[in-house]
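All remarks here apply to the structure that follows.
Every read-out reported here was derived from the displayed coordinates using simple, explicitly stated rules and does not represent laboratory data. Please read all numbers here as calculations on a predicted model, not as lab measurements. Note that each Cβ is placed from the backbone with ideal geometry, even for glycine, and that neighbours are counted across all protein chains shown.
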Amino acid sequence: MVNYEELAEELRTISEGVGYDVSILSNASALLWERMDRLNWCGFYLVRDGKLILGPFQGKIACTEIAFGDGVCGTAAVRGESVVVEDVHVFSGHIACDSASNSEIVVPVRKGGALYGVLDIDSPEFARFSDEDRVGLEGVVRALEEVLV
Ligand code: SME
């Protein structure tokens, strides 16, 4: 199991003094990708013009726009809470960007009280993300929210 508290601290350290969100988010996706195992996609969708657009990520080419309410990402965005899916094939409306994905976690990211985007992590393993992962990743996202410009 990843030490999410250490990971959050490392994210704070590497983001210190970085003046651009795109740089912070790029390194955040790289850090998660490097430290977590059994992943096939890890990155961000960001709120723009009333929808979610593809942000910095690691993994295969992905869909560039997701409407609020669509897929796991759009569902987490509308609910304003994390969504953990043990089997994406039975999640109604799941958007299959990478056919290798079998489970997924999406954590909303906020800035200034408003929804800023979502962190989306996919795994080729079914039920890859436990409740401990959810709590840990929510902690990492809280650290991210503090360092976003
Ligand atoms: N599976 C996601 C779409 C994004 S890709 O996984 C990168 C969803 O249903 O929201």
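Observations on the structure shown:
- Kirkwood radius and radius of gyration were both taken over the C-alpha atoms of region 4-147, and their ratio Rg/Rh is 0.93.
- Selection among Gly50, Tyr20, Asn102 by position relative to the dipole of the chain gives Gly50 as farthest towards the positive end (Cβ unit charges, Cα centre).
- For Gly55, distant residues with modelled amide H under 5 Å away: Phe44, Tyr45, Leu46
- Each peptide among 63-70, 50-57, 103-110 gets the average number of other Cβ atoms lying within 10 Å of its residues, and from highest to lowest they stand as 103-110, 50-57, 63-70.
- Mean separation of Cα contacts under 8 Å, 6 or more apart, over the residue count of the chain: relative contact order %: 27 percent
- Rounded to the nearest 20 debye, dipole of region 4-147 from Cβ charges on Lys, Arg, Asp, Glu: 460 debye
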